[in-house]
1. List the trypsin sites (Lys or Arg not before Pro) within segment 121-201 that fall in a DSSP loop (any state other than H, G, I, E or B) and whose Cβ has at most 14 other Cβ atoms within 10 Å.
2. Which net charge results when you count Lys and Arg as +1 and Asp and Glu as -1 among the other residues whose beta-carbon is under 12 Å from that of residue 134?
3. Cut-off 10 angstrom, C-alpha nodes, Gaussian network model of the chain. Which of 39, 176, 191 fluctuates the most?
4. Would you kindly give the portion of the calculated P(r) for segment 45-122 that falls above 15 Å, as a percent of all Cα pairs?
5. Provide the three semi-axes, in whole Å and in decreasing order, of the ellipsoid equivalent to segment 112-178 as defined by the square roots of 5 times the Cα gyration tensor eigenvalues.
6. Could you list the square roots of 5 times each eigenvalue of the Cα gyration tensor of segment 2-200, that is, the equivalent ellipsoid semi-axes, sorted largest first and rounded to whole Å?
7. Could you work out [θ]222 nm for the chain from helices alone, using -39500 (n - 2.57) per DSSP H run of at least four and dividing by all its residues? Round to the nearest 500 deg cm²/dmol.
8. Work out the length of the dipole vector of the chain about its Cα centre, built from +1 on the beta-carbon of each Lys and Arg and -1 on the beta-carbon of each Asp and Glu, and round it to the nearest 20 debye.
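Every number in this text was worked out from the coordinates using simple rules, so none of it is lab data. Keep in mind the model is a prediction, meaning the values are calculated, not measured. All Cβ positions, glycine included, derive from the backbone under ideal geometry; neighbour counts span all protein chains shown.
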Amino acid sequence: MQLDVWSDVVCPWCYIGKRKMELALEKWDGDPVEVRWRPYQLDASTPNDGALMSEALAERFGGAERVAEMHAHVGGVAASVGLDYALAGTLRANTFDAHKLVAFASGQGLQGQVQERLFHANFVENRHVGDRAVLEELAAEVGVVGAAQALDDEALGQRLREELALGVALGVRSVPTFVVGNRGVAGAQDPEVILDLLRSA
């Protein structure tokens with residue numbers, strides 16, 4: 001059974017959703033489940049400048065105090081599934097190359113490991129996941145071979161653009177979105193919701 005997960009590596013709810021999905025899979029006693037990570041960009045126009053995300057969010061959501069409240073809420077939910085977020089220090093990144101790396105890693109059976117490493121680097125370590133040197137380092141840490149060449153591969157980039165467009169065409173409007181067959185649920189759903197989705201297949 002294939003479980004597609006549409007996500008972005010700078011989406012805090014996507015990392016939380018990953019943990020909840022893993023809790024669901026620990027309880028699953030049906031056919032083996034293959035998780036396939038699919039790309040989605042929250043904002044494809046995001047500057048890849050490594051600026052503090054909190055400053056950009058303050059402009060968008062009405063000031064630093066409001067952003068601190070948002071961080072506290074999301075951080076509390078993250079902690080409930082064992083994640084130790086450092087949201088105040090996250091850096092602004094365009095995630096196209098990160099998604100390119102995830103797609104490339106699937107050919108080496110390391111897609112899930114790269115996805116996890118990118119989430120952790122962004123939300124816990126506050127690494128710049130749009131920086132190519134950082135991406136190459138993270139890829140090497142989990143055993144991916146040829147990351148530098150992959151990031152230069154325009155054919156891979158074109159396939160990624162097509163897959164990003166496919167997500168929009170399929171109706172993915174928020175992430176994470178979990179899809180099995182022709183059924184899907186959006187949001188960082190509790191494990192039982194994911195289990196129900198698997199049972200429906």
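1. 173
2. Working: positive: 117, 127, 132; negative: 97, 125, 131, 136, 137, 141.
Result for the local shell: -3.
3. Highest fluctuation among the options: 191.
4. Details: 1928 of 3003 pairs.
Tail of P(r) above 15 Å: 64 percent of Cα pairs.
5. 23, 17, 10
6. Semi-axes from the Cα gyration tensor: 24, 22, 16 Å.
7. When only DSSP H runs of four or more count, the value is -16500 deg cm²/dmol.
8. 400
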